[in-house]
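Single-structure report; data block below.
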Amino acid sequence: MLLKPSGIAAVSLTHSLGVGVADLWNAMINHRSGLRPNDLEWCDLDCWIGRHPDVERFSIPKHLTKYECRNHRLVWSALQDPLLQNALDAEYSKYGTDRVALVMGTSTSGIQSTETAYAERIATGQWPASFNFNDTHSVESLCQFVSDAVGLTGPSIGIASACASSAKVFLIAQKWLATGVADAVLVGGADSLCLSTLHGFNALQLLSDTACRPFDRRRNGISIGEAAGFALLTREDSDVIFWVGANQVMPTTSPHQTRRAPVP
């Protein structure tokens, strides 16, 4: 199935280097890493991590407090980009909130909230009264939170396929646009630091005790981080388009300057 290119109307992200594309770009051109020695109070592993510097200080609005967890705080930060908000408002005005869909990818969702609650259950024999798996940890909770946060009422789906999650959301979004399920699709992905991921990779002896060195002969493992990001895909042309076809996966800066990029 050959799909038509989709315009990317806006993007936003939050990550271990700060908030937004500018912070990421400035760090890249200044050769600044977002990795640091593990300083999580609730994890004593000897490793380096990509912890967001402000995630503990992010606050979710009162009307959304039932979704309170580390993962949703990252998501809330990424949603505050005014360019993304303006682009969403424009699509709502053209098509209505029910014709804008949502596709979210995650590996562990809000699992850190369950880890904290389970530790209390072990210590006291009871789950915390404030803990609600369906609003924090379930994959569906990520979609519910984003829909409520941005006023989106169209179809939504959460994808949890480990490292492929945030790539698959783009393919699903393009298929939804091609088949008329929606007129615009907000795609996103979010994962936050948690004991399950850190100890899981440590059990496999894959965590590096220094900042990871990809493609380096001196590499000795990986470093785990956290981030959230969004892209708004539309039918209209844009300065940036995304195209997934039968034989190519091709982001490009112009719909008139396309090149085939064969998949090995």
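The values are calculated or read from the model by the stated rules, or taken from the named source; none is laboratory data. If you're wondering where the values come from, they're calculated on a predicted model, not measured in any experiment. Heads up, the Cβs are rebuilt from the backbone with ideal geometry, glycines too, and the neighbour counts pull from every protein chain shown. For accessibility, only protein heavy atoms count, side chains too; no ligands or nucleic acids. Shrake-Rupley method; radii C 1.70, N 1.55, O 1.52, S 1.80 Å.
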Taking 32 Å as the cut-off for C-alpha to C-alpha distance, list the pairs among LYS66/LYS168; LYS62/LYS175; LYS4/LYS94 that go past it.
LYS62/LYS175
What order do you get for 224-232, 157-165 when each peptide is scored by the mean count of other beta carbon atoms within 10 Å, highest first?
224-232, 157-165
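Report, as a whole number in µm² per second, the diffusion coefficient that Stokes-Einstein gives for the stretch 1-108 at 10 °C and 1.306 mPa s using the Kirkwood radius over alpha carbon pairs.
Diffusion coefficient, whole number: 96 µm²/s.
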For the chain, the percent of accessible surface on carbon and sulfur atoms (probe 1.4 angstrom, ligands and nucleic acids excluded) is 55 percent
With Cα atoms, 0 to 90° folded angle of helix 165-179 axis to the chain main axis
30 degrees
With Cα atoms, 0 to 90° folded angle of helix 70-79 axis to the chain main axis
30 degrees
Once you list every other residue whose beta carbon is under 12 Å from the beta carbon of CYS43, what net charge do they have if Lys and Arg are +1 and Asp and Glu are -1?
-4
I want the local charge near THR179. Using Cβ-Cβ distances under 15 Å, sum +1 for each Lys or Arg and -1 for each Asp or Glu among the other residues.
+3
Over the stretch 1-120, with the other protein chains present, what is the accessible area per residue in square angstrom, probe 1.4 angstrom?
50 Å²
For the stretch 159-226, inverting the pair-averaged 1/r of distinct alpha-carbon atoms gives a Kirkwood value in Å of 14.5 Å
A chain fully extended from LYS94 to HIS199 at 0.36 nm per residue, minus the present Cα-Cα distance, gains in nm 33.1 nm
Below 12 angstrom from the Cβ of SER77, what's the summed charge of the other residues (Lys, Arg +1; Asp, Glu -1)?
-2
Compute the accessible area per residue over the stretch 146-220, keeping the other protein chains in place, probe 1.4 Å, unit Å².
51 Å²
Would you kindly state the longest site-free stretch of the chain, with sites defined as trypsin sites (Lys or Arg not before Pro) in a DSSP loop (not H, G, I, E, B) surrounded by at most 12 other Cβ atoms within 10 Å?
33-216
Most fluctuating of ASP135, ASP239, ASP209 in the GNM of the chain (C-alpha, under 10 Å) is ASP239
Under 10 Å, Cα contacts only: if you run a Gaussian network model on the chain, which one of LEU13, LEU24, LEU233 comes out with the highest mean-square fluctuation?
LEU24
